Amino acid sequence: MNPRFMMQLSTALTLAAIALAGVASGQTTDLIISEYIEGSGNNKAIEIYNGTTDVVNLGAYAIDRYSNGSTSAVTIPLPAINLARGATHVIAYNLSDPALLALANQVDTNLNFNGNDAVVLTYGGSTVVDSFGRVGEDPGTAWTCTGGSTVNHTMRRLSSICTGDIVPGDAFNPCLEWAFFAVDTFSGLGGHVTDCGTVDNAATSWSTLKATWR
């Protein structure tokens, strides 16, 4: 068999495997909630992450807070600013400690959630983009799992999570998508690490794949 053909075939199969691996790993298609701080006293913050391939204007997005199992929300609009690809936007409760406020991009009087309050990220007033907790359920003090609870913790989205939870009324197990850190841990706020977005690599591999047959 033609050696050149065999080399092309081997290269093609390798690149195809890389491309499929990239697709399987997932890509963030919209904003996600990447960090949640329910700390001591009034220390409360939410971090939003843009893992998409585009700059996103936050003006059409909002945070909805559902307290104590309520199905009626208090809405916190996000500002009409551009969030770069790979960047984060941090919203903090206005009565948080100065150390936390110094890391915030936005301060709001209505971000006074507790560990038993659901938080939902929406677009255009009604489209759910991501959610934390379970709307309509009051778990008591907090949602709990073997790794921790949603009270007196900083929680960061696992790097493997590429898309938001768009069903805010489904069961919520915080251990499935979140890592727990000690109360009042602010050190990771303002940046998010993710394994997502490798679909771009797949596209590059496909271009290379086509070139091998020319």
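The values are calculated or read from the model by the stated rules, or taken from the named source; none is laboratory data. Being a predicted model, the structure only gives us computed values, none of them experimental. All Cβ positions, glycine included, derive from the backbone under ideal geometry; neighbour counts span all protein chains shown.
At a glance:
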{"quantity": "Number of the exception - S96 against (1) part of a loop (DSSP other than H, G, I, E, B); (2) within 19 Å of the chain's Cα centre (by Cα)", "calculated": "(2)"}
{"quantity": "Set A73, A84, A80: member being modelled with pLDDT of 95 or more and under 22 Å from G169 (Cα atoms)", "calculated": "A73"}
{"quantity": "Pick from the range 32-62, criterion more than 15 Å from N105 (Cβ to Cβ), hydroxyl-bearing (S, T, Y) and under 14 Å from the mean Cα position of the chain (by Cα), ranking: surrounded by the fewest Cβ atoms within 10 Å (Cβ to Cβ)", "calculated": "T52"}
{"quantity": "Residues (at pLDDT 95 or above and in contact with a Cys (Cβ under 9 Å, 6 or more places away or on another chain)) located in the range 145-177", "calculated": "C145, T146, G148, S159, S160, I161, C162, T163, N173, P174, C175, L176"}
{"quantity": "Odd one out for H89, checked against (1) assigned to a loop (DSSP other than H, G, I, E, B); (2) at negative phi; (3) within 20 Å of the chain's Cα centre (by Cα)", "calculated": "(1)"}
{"quantity": "Count of residues meeting criterion [of a type in the set (G, A, S), farther than 15 Å from Y49 by Cα and crowded, with 17+ Cβ neighbours inside 10 Å] in the range 93-108", "calculated": "1"}
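One line per residue, one yes/no per condition, for (1) basic (K, R); (2) part of a helix (DSSP H, G or I); (3) modelled with pLDDT of 95 or more:
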| site | (1), (2), (3) |
| --- | --- |
| M1 | no, no, no |
| S10 | no, yes, no |
| L13 | no, yes, no |
| A24 | no, yes, no |
| A45 | no, no, yes |
| G59 | no, yes, yes |
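Quick grid of which residues meet (1) crowded, with 17+ Cβ neighbours inside 10 Å; (2) farther than 23 Å from T71 by Cα; (3) basic (K, R); (4) within 12 Å of the chain's Cα centre (by Cα):
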| position | (1), (2), (3), (4) |
| --- | --- |
| R134 | yes, no, yes, no |
| S149 | yes, no, no, no |
| G169 | no, no, no, no |
| F172 | yes, no, no, no |
| L176 | no, yes, no, no |
| T185 | no, yes, no, no |
